[in-house]
Amino acid sequence: MSETLFNKVAFIGLGLIGSSLARVMLAEHLVTTIVASTRSRKTLEDAKALGLISEGYSDPIDAVKGADLVILALPVRATQKVLQQIKPYLTENVILTDVGSTKGNVVEAAKAVFGEQLPAGFVPGHPIAGAEHTGVHAGKVDLFVNHKVILTPLATSATLAVSKLTQMWQAAKAEVICMDVDKHDEVLAHTSHLPHLMAFNLVEQLANREDNLDIFRYAAGGFRDFSRIAASDPQMWHDIFFANKKAILNAVDGFESQLKILRQLIEDENSQALMGLLGHAQAARQHFNHMLAQKPLMEKNKVTQQFTILPGNKTFKGKFTVPGDKSVSHRSIMFGAIAEGTTHVTGFLEGEDALATLQAFRSMGVSIEGPKNGEVTIHGVGMNGLKAPTGALYMGNSGTSMRLLSGLLSAQAFDSVMTGDASLSKRPMERIAKPLRQMGAQIQTTGERGTPPVSIAGGQNLQGIHYDLPMASAQVKSGILLAGLWAKGETSVTEPEPTRDHTERMLRAFGYDVKTEGNRISLQGGGKLTATEIQVPSDISSAAFFMVGAAITEGSDVILEAVGINPTRTGVIEILKQMGADLTVENERIAGGEPIADIHIKGTRTLKGIHMPEDQVPLAIDEFPALFIAAACAEGQTILTGAAELRVKESDRIQVMADGLKVMGIDCTPTEDGIIIEGKGKADDWSAIFNGGEIESHHDHRIAMSFSMAGLRTSGEITITGTETVATSFPTFTELANRAGLDIQISEL
Ligand code: NAP
């Protein structure tokens with residue numbers, strides 16, 4: 001129940017929207033008295049009989065006397081006349097709002113009545129919720145639940161009025177958004193008014209055909225879904241189309257020109273471009289849904305998920321393909337796009353980050369089919385074929401996309417802007433902008449800390465440089481090499497220590513000559529890339545959880561297929577072998593320039609505690625949370641040193657793992673740059689190691705997946721909270737783990 005916000009509320013108009021809001025106000029006890037004025041007596045009588053109002057008046061003047069909130073819930077065209085009538089009778093501090101579907105003309109009507117100095121209590125509003133039926137009987141108490149309500153406060157609006165109306169709509173369980181009046185009308189013209197216009201138009205077009213009965217009789221789902229909104233009230237839509245004329249005409253013009261393009265593609269049977277257009281639209285819809293759905297997840301942490309794993313003897317067996325490597329997925333799109341010919345990609349990781357890269361290239365005119373089951377087809381446009389995007393390129397959470405594209409975009413003929421989500425917007429971009437400027441790029445970052453958005457002016461002639469990387473960063477190295485593809489002469493980068501070399505390898509796979517001499521990588525600008533087949537290797541970081549699961553479970557037998565074993569990434573294999581795991585690397589081969597292999601692990605012997613070799617630390621940095629679980633099951637002590645970086649990952653992985661291990665009964669001591677774990681394993685004894693408990697993953701996917709594997713050797717129930725982030729890097733984790741023999745139950749909180 002909410003607090004009482006108003007003493008007397010007067011509704012002018014009490015149909016679908018007004019009566020729904022009145023129902024909410026009563027249910028939530030927001031108001032002491034509700035009165036209303038409508039055109040017909042019948043509505044007032046019905047409203048009284050329904051218990052919605054205590055008094056009904058034919059004259060709005062009688063309704064507004066003494067009211068501290070007046071709500072206009074009538075057709076927008078009646079606004080001016082009603083305001084004129086009630087103006088002299090409004091109380092001094094009245095809050096005055098409306099629910100009309102257009103806002104510019106409501107404000108105009110108010111100005112015509114009150115002059116430029118509008119009442120401080122006047123705050124126009126628009127609930128984005130409705131139904132095809134109208135009238136006082138159509139109202140529903142839950143009409144606004146999980147819908148948006150747009151308030152358009154004016155310069156004259158009092159903060160208190162905005163805040164009380166916000167509370168009122170929140171009590172209706174709606175999400176309140178504040179927006180400028182013009183913006184509201186423009187946005188609604190495209191998202192609501194144009195679709196309604198199209199629905200009316202389509203039904204009209206079909207209704208005018210001679211065979212209309214047949215058409216309607218056999219109408220398929222598509223027609224039914226699309227035309228549903230054409231059953232809406234014609235009078236209301238007549239009013240809206242006129243009330244928002246300018247913005248709607250703009251939207252119709254945009255629709256017409258887009259329709260012409262589509263028509264032409266069909267007439268020309270231009271299959272590639274048509275697939276490109278349809279794919280772009282389909283992905284855009286998913287992308288936006290995702291972006292929007294992600295927002296509350298990140299900002300309010302409302303949607304959280306929990307894993308529960310019950311104790312009991314478990315097996316761990318099977319052949320699995322874990323999702324593709326993210327770094328390689330990104331690059332397959334970028335290089336496929338600027339190559340000549342058609343590139344096929346398999347094993348593509350359909351995670352949010354790589355999809356941001358994919359969508360960026362679609363926005364630059366590249367026709368891309370998929371992804372579907374990890375398959376993507378990219379119709380390359382060549383080195384000079386990218387087109388100017390119409391708006392900013394949204395990189396989501398992906399630092400890789402933004403840093404690599406900074407290099408690529410610096411060399412294009414057109415201007416561009418890249419933006420990202422709240423977290424990416426805090427990450428440093430100067431480290432890539434600086435060397436690019438030395439090459440002649442016009443690139444700007446934002447604020448003192450040089451963060452996104454990043455703006456790039458096109459049409460610059462880049463010059464090759466030699467650059468000594470001040471930090472070991474594969475992203476910066478790759479960004480410079482990408483710009484170097486278009487630069488005059490040689491571009492070279494020297495790195496302080498080796499970093500992931502996926503860019504160099506894949507460029508070579510696309511036929512581009514890249515030299516690696518010690519720590520120096522160089523290429524000559526002005527060449528071209530030739531399309532190829534790319535098999536994205538399975539991500540060794542994801543495979544690591546299954547390797548550890550198999551290594552700690554009696555009788556396990558797991559094969560992980562086509563895992564990337566790039567030498568810059570294989571620390572986990574080396575460390576597990578040193579701990580005595582029964583692990584073999586089979587079927588080694590090269591795919592898309594990357595070495596891959598099948599990894600076969602069996603649970604035949606108890607692991608041994610070791611001092612983890614420091615030279616393997618950078619090569620296994622993401623795999624330590626999983627390795628700590630292995631260490632807990634090993635016989636004797638395991639010591640990790642030289643891994644301070646673990647403290648600044650998605651969570652402080654040393655502390656968070658130590659906390660979780662202690663909860664589960666493992667003796668361990670976190671240190672500044674590592675951890676000491678007292679393994680509880682005994683030779684040839686496969687009994688439980690962990691005693692269960694509640695683990696807080698701090699929304700860190702790798703912590704969640706690591707502790708899931710502890711479920712293979714637990715004597716008590718394990719619950720892991722904050723597991724929703726697992727889906728971003730390993731969407732099939734629970735499915736595959738359960739297939740192997742672990743029993744993870746998921747619950748949404
Ligand atoms: P509705 O169910 O038809 O109700 C309209 C109400 O306004 C009725 O009570 C009607 O009185 C009264 N009314 C009509 N003309 C009037 C006039 N000239 N003077 C005084 N009262 C008058 O309509 P609604 O769906 O609630 O829509 C109301 C407002 O909400 C509109 O501005 C519309 O743009 C907006 N809106 C509608 C939707 C939707 O999907 N329906 C969604 C969002 C916003 P009687 O009962 O006596 O006829």
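The values are calculated or read from the model by the stated rules, or taken from the named source; none is laboratory data. A quick note: this is a predicted structure, and the numbers were derived from the prediction, not measured. Cβ sites come from the backbone with ideal geometry, for glycine too, and all protein chains shown count toward neighbours.
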Could you check, for the stretch 615-624, whether at least one of its residues is without any contact (Cβ under 8 Å) to a residue 60 or more places away in the chain and either surrounded by fewer than 17 Cβ atoms within 10 Å (Cβ to Cβ) or among the charged types (D, E, K, R) (or both)? yes
Among the strands (runs of 3 or more DSSP E) lying completely within the stretch 569-655, list those that include at least 2 residues that are more than 26 Å from Asn691 (Cβ to Cβ). 582-591, 594-602
Do we find that Trp237 is buried (at least 16 other Cβ atoms within 10 Å of the Cβ), assigned by TED's automatic domain parsing to the domain that holds Glu132 and either more than 30 Å from Thr79 (Cα to Cα) or not polar (S, T, N, Q) (or both) in this structure? no
Answer yes or no: is there a residue in the stretch 554-566 that is more than 33 Å from the chain's Cα centre (by Cα), of a type outside the set (Val, Ile, Thr) and in a strand (DSSP E or B). yes
Enumerate the pairs (first residue in the stretch 14-27 and more than 12 Å from Val99 (Cβ to Cβ) and charged (D, E, K, R); second residue anywhere and within 6 Å of the ligand (Cβ to nearest atom) and assigned to a helix (DSSP H, G or I)) with beta-carbon separation below 8 Å, excluding pairs fewer than 6 apart on the same chain, so at least 6 apart or on different chains. none
Taking the stated definitions as given, is Ile443 farther than 23 Å from Glu645 by Cβ and of a type in the set (A, V, I, L, M)? yes
Any residue at all in the stretch 491-500 that's acidic (Asp, Glu) and modelled with pLDDT under 95? yes
Reported set for the stretch 182-198 where residues are surrounded by fewer than 19 Cβ atoms within 10 Å (Cβ to Cβ) and of a type in the set (A, V, I, L, M, F, W, C) is Val187, Leu194, Met198
Of Ile71, Ile34, Ile86, Ile53, which residue is in the same structural domain as Ala112 (by TED's automatic domain parsing), within 25 Å of His238 (Cα to Cα), at pLDDT 95 or above and surrounded by 24 or more Cβ atoms within 10 Å (Cβ to Cβ)? Ile71
Within the stretch 477-490, identify whether any single residue is more than 30 Å from Pro595 (Cβ to Cβ) and either surrounded by fewer than 16 Cβ atoms within 10 Å (Cβ to Cβ) or not assigned by TED's automatic domain parsing to the domain that holds Leu523 (or both), and answer yes or no. yes
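So that you can scan it fast, the table gives a plain yes or no per residue for (1) over 19 Å from Glu586 (Cβ atoms); (2) in contact with a Phe, Trp or Tyr (Cβ under 6 Å, 6 or more places away or on another chain); (3) in contact (Cβ under 8 Å) with a residue 40 or more places away in the chain:
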site	(1), (2), (3)
Gly526	yes, no, yes
Leu529	yes, yes, yes
Ile534	yes, no, yes
Ile540	no, no, yes
Phe546	no, no, yes
Ala550	no, yes, yes
Thr553	yes, yes, yes
Ile559	no, no, yes
Ala562	no, no, yes
Which of (1) at pLDDT 95 or above; (2) assigned to a helix (DSSP H, G or I); (3) within 16 Å of the ligand (Cβ to nearest atom) is the odd one out, the single condition Leu188 does not satisfy? (1)
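Could you go through the stretch 205-226 and let me know if any residue there is in a helix (DSSP H, G or I), away from the ligand (no atom under 16 Å from the Cβ) and modelled with pLDDT of 90 or more.
Within the stretch 205-226 (the criterion being in a helix (DSSP H, G or I), away from the ligand (no atom under 16 Å from the Cβ) and modelled with pLDDT of 90 or more), the answer is no, since none of the residues qualifies.
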For the stretch 171-183, what are the residues that are in a helix (DSSP H, G or I) and in contact (Cβ under 8 Å) with a residue 60 or more places away in the chain? Ala171, Val181, Asp182
Does the stretch 127-143 contain any residue that is free of Cβ contacts under 8 Å to residues at least 12 places away in the same chain and assigned by TED's automatic domain parsing to the domain that holds Ser19? no
Can you name the residue in the stretch 5-51 that is within 17 Å of Phe144 (Cα to Cα) and in a loop (DSSP other than H, G, I, E, B) and is also nearest to the ligand (Cβ to nearest atom) among such residues? Gly15
Residue ranges of strands (runs of 3 or more DSSP E) in the stretch 62-141 with at least 1 members away from the ligand (no atom under 15 Å from the Cβ): 69-72, 95-98
Here are some conditions: (1) more than 21 Å from Ala483 (Cβ to Cβ); (2) in a loop (DSSP other than H, G, I, E, B). Ile368 meets all but one. Which one does it not meet? (2)
